[in-house]
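Structure, as C-alpha cells:
The values are calculated or read from the model by the stated rules, or taken from the named source; none is laboratory data. All figures in this text were calculated on a predicted structure; none of them were measured in a lab. Accessible surface areas use protein heavy atoms only, side chains included; no ligands, DNA or RNA. Shrake-Rupley method; radii C 1.70, N 1.55, O 1.52, S 1.80 Å.
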Amino acid sequence: MVDKSSRPIRGPTPTVTRTLLDTLDALADHVALLNRDGEVVGVNRAWLDFATSNGYHSGGTGLGTNYLQVCDRATGDHAAEARHAAAGIRQVLVGDVESFELEYPCHAPNEERWFVLSVRAVAQPAEFAAIVLHRSHTALHVAREVERIAHERMATALAESETDRRRLEATLEALPVGVWIANATGGLTHCNAAAARMWGGDAPLVDSPEEYRVYRAFHPDSGRLVEPEEWPLARTLLHGTAIDNELFEIARFDGARAHCLWTSGPIRDASGTMTGAVVVGVDVTASHGASRERDNLLATLEVERTRLKAIFEESPAMKAVMRGPNLVFERANPAYAKFVGDRQLIGRPRAEALPELCDNEFLEIILEVMRTGQQHVERRRPVRLARFPDGFMKTRYLDLTYQRLDDGHAEAAIIVHGLDVTDEVLATAALQQSEQRLRDQFAKLPVPTYLWEARGDDFVLLDFNDAARRANPALTSDSVGRSGEELYPHQAEIREEFRRCLRENTVLRRSIEYDAGFGMRTLDLTMGPQQPDRVLLHVNDITARRELESQLRQAQKMEAVGRLAGGIAHDFNNLLTVIGAHSSFLLESLDPADPRLEDAAAIHTSGLRAAGLTRQLLQFSRKQIVRPEMMDVNPVVAETARLLERLLTADIGLTTRLAEGLRPVVADAGQVGQMIMNLAVNARDAMPAGGTLTMCTSSVVVVAASELAKTVPPGRYTLIEVVDTGVGMDDGVKARLFEPFFTTKAVGEGTGLGLATVYGIVKQSAGHVTVDSAVGRGTTFSVYFPSVIDGVQPAEQRAVAGVVIRGAETVLLVEDEPAVRGLARRILQRHGYVVLEASNGIEASAVSDDFAAPIQLVVCDVVMPGLGGADVVRLLQQRRPGLKALFVSGYTEDEVFRRGIESLKVPFLQKPYEPDALARAVRHALEAPNG
C-alpha cells in the first residue's frame, strides 16, 4: 500500500522529543506521527523494522515524507485501498472525524497477510496532529474466514448422509477455533478439540441451557458474570437469529483468563425448521490485549502531556528553558518569573534579562553542562538579585539544578530547576547558633550533668559536661557510647529510675550514697525526661552540705542547752558560792574528831559537784568565760593522770606516753584538764571488766593528700590521744556520740554531758576531735590542737593551789546579793584586807565619796540592778584615777560581754568560787600593772 521508493522513515525531528519516541518504541504496533500537512515527523522502532523487512529503503527514516502523497501515488493491486486510506487520513487531519480505520491485504511472497490502519487525532495538537497505527490483523481475519467456512461446511453436512456427517466431524476437529453444536432443546451434542483447548482442557457437553453456567464468563466492560440465558448460543436457540462477534472474558478450567469472540447461528432442516444451533469461539486474547494497550497508550500519552505541562507551569519550584549560546529564555514558569520580579523573559538573552546573574562562574557552569550533558547540582547557592522595582539588592539562597535538554533541536537547550531555600538556610543558621549556645551552656553548667539515651534494656552515655569530668576523673571521651552497666554496674536502681522518668514524663529526684574512689559521697540526683528516649541527669554532690547541716544541728542543740544553762547560771552560781564557802569555813573550824566534820565535807563535796556540773554545761555549750593562754599540754596530762590514780579501779592499768619537745598550744589549761578527765572517765566506764587506759601526746603534721585531711584541715597540730581497750562502739553510737544528754549508761549513772563538754572545749580552742572505735576492740579519742609557731615559750602556769597570799589594802566590795556580799567580806577580811561594802552602783559611789583614804581595788559584780558593773567601775575610776578592778559574775560569757566587760583585758573571777580562789584573784588584780 506504501510506495517502496519513498524516503527514509526513522529518526528524530526538531519537533518531536526523544522521550516521546522512546515511549513509542516500547509498543509492538507500527506507529507514525503526522503533522497537519500529513508530513511524517516521527516513527517508532516497530515501524522501522517493518519497513526494513519489507524493502522500504533499509537504513532510512522517512522523516519529512508526506504520507498522503505517498498513498496517492501508490500503484499495483492495492492502489484503491491506498487512496481510500489517504482520504480517511485527510478527514482526521482537518477535523471532520476523530478517527479512521481501514483493513487491507498486504501479502508477502510466501504468506497471506492482512493489516489494519488506524488514525486518531490528537486532542491538543502541538508538535503533531495525528497518530497512525499499523498493526497485523491476519489472525482475526483467518478466524473469521474459518468461521465462514465452518458455517458453509456445517450447512452442507446437515443435508448430506451419515458419511457426510462424519466428514463434518473430522472437519470440525481440524478447525483451529472452538465449535459447539446444540440440539433444538439446547443440549450440547458435540464440541471439537479446539473447544476443549480454549477452555483449558475440558468442554463439558451439558443437557440444557440452564447448565451453561458451568462455563463461567464475564462481560469485559462491567466484569459482571454472564448468565446462562445470555450466552449467544442460548439466545440463538430462543430467537432463531445469528449473533456475531460478542466479546466475553472467560475463566478457563485451568484457572487462566482469556478473551474470546463468540458467533452463533441456527441449524435448520430443508423445511426451514430450526433443529439446533452452532456456536464458534475464537481466542482473541493477544489481539485484544494489543488493542487495549494501544488505547491505553494513546490516553496515557495525552494525560502525560497534560500532566507535564501542568507540572512545569504549576510547580512551586522555579523552572526555565534557555536555548543557544546566548541562553535565550524559551520558557519560564510563573514561579521563576515571580522570583526574578516578573520581568520580561521570553525571547530575551539571559545577560539582558538578568544582568545581576551574569558572572563568569554561572556562565562557565552552564556552558559546561551544555557541552558535556552532565547534570550540575548546587545546594544553598547565594544569589544577589534586585527582585523588586526599587532595585535594592537582596541575597537569597537557592538549590539549583542545570540539565541539558536533548530535544532534536539544532541548538542545545538548558533546563533550570531552582528552589528558594533562604528561609531554610536562615532557620538552619539560627538553629545552629542556638544549638551551639545550648552546647556551651551544657558544657559550662556548674553542676555535673550527663545525657543518657535508652538502648534496649540499658542506657548509653551520650555526653557529659566539664563539671562532670572534674567531679569524676575516671570519665574520658572513651566513656561516651558506653552503657550504664559498663560504667556503673552497681546502679541498676538508677537506670530503672531513668525508665520511670521517661515512662511518666516527669522530673524525678533522689539521693544516693556513692563510692567515688576517694570516699563515700552523698549525691543528689535530678532526672529530667528528654522525650522520646533521652534523660538529662544533674548530679549535685551534697556531702559537704550534709556535714554542715549535721554540724548546724549539733550547734543548735548546744545553743539550746547553753541558753538553758545560761538562764540558771547566775542565781545558781551565787547559791553555790555561798554553799561552797561556808562549808569550807566549817571544815576549817571543826576538829578532825568532830562527828559534824563528815556532814560538812558531804555538803562541800556536793557543792563542788554542783559547781562542776554547771561548769560542764557552760563548757560544752561554749558559754563559759575562758582564759586561753599559751601552754604546754604535757603537765596538764601528767596532773590529770595523777588525779586518775584515785579514780581507777585496780583492774585498770594507766599508762602515759608524753612526747618531748612538744609544741605549745593556745587554750584554757583548766578546760584542757577537764577535757582529759572526761575522756578518761568515759574510758574507765567502757572497761567494766578491766583493761588498759593510755594517754599520749605527740606533734603531728596533717598533709592535704592524706585521708585525715578530710576531717582535720592540713597544718601542724599537738595531738592528745586517750586510748582504752574497752567494749568499743558501733556506728550508731558513734553518730550520736557528742550529742548533749546522749548516754548509753543506765538511768542515774550518767548525765550525757561528758563527751558533749569535750566537744565544746575542743571547738572553743579551734581544735578537732576524731573517734576510732569498733565493737570489741576498744576506742581511741584523738584531739588535735593547732600548734603555736616555733620560738614562742609557754606562759607561766597558774599559781599553785594552796598558797595563801595575804594583804592590807583597802577593797571596795560591790555585790547586790547580800549572802554573797557577806561571804566575800568575810573571806577578804580573813586575808587581812580592809573591806568597804555597797549593794549597788549608787551606794558604791557614795561610799567612795565618804571614804577619804585611798582605795586600791574595787571588786564588783558585773550584773546588778541599775548601774551595771562596768559603768560603776568607770564612774569610780573617774573619781579615783589608778583604781584597779576585779569583776565577778555568775552569768554566761555572752551576757558578760554584752554588759561591756572584756574578760581577756581585765581581771575576772567566775562564780562559784572557793575562798582561796577569791583571795588569789584579788592579789593578782592588785599586782597587775595599770592600763
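Below are the figures for this structure:
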{"quantity": "Whole-Å distance, taken between Cα centres, linking segment 642-661 and segment 368-444", "calculated": "94"}
{"quantity": "Residue pairs, from the table K309/K338; K734/K911; K710/K763; K338/K394, whose Cα atoms sit over 24 Å apart", "calculated": "K734/K911"}
{"quantity": "Whole-Å semi-axes of segment 348-484's equivalent ellipsoid (Cα gyration tensor)", "calculated": "51, 21, 11"}
{"quantity": "Probe 1.4 Å, protein heavy atoms only - accessible area per residue of segment 18-136 in square angstrom", "calculated": "47"}
{"quantity": "Anchor K884: aspartates and glutamates whose Cα lies under 13 Å away (excluding residues fewer than 8 positions away in-chain)", "calculated": "E809, E927"}
{"quantity": "Carbon and sulfur %, accessible surface of segment 810-927 computed with the full protein complex present, 1.4 Å", "calculated": "51"}
{"quantity": "Principal axis dimensions, segment 623-786 - Cα atoms, whole angstrom, descending", "calculated": "39, 33, 31"}
{"quantity": "Relative contact order of segment 18-136, pairs being alpha-carbon contacts under 8 Å that are 6 or more residues apart, as %", "calculated": "26"}
{"quantity": "Bins of 5 Å, starting at 0 and running to the largest distance - Cα pair percent for segment 166-290", "calculated": "2, 11, 20, 26, 22, 11, 5, 2, 0"}
{"quantity": "Rounded percent of accessible protein surface that carbon and sulfur make up, segment 315-427, 1.4 Å probe", "calculated": "53"}
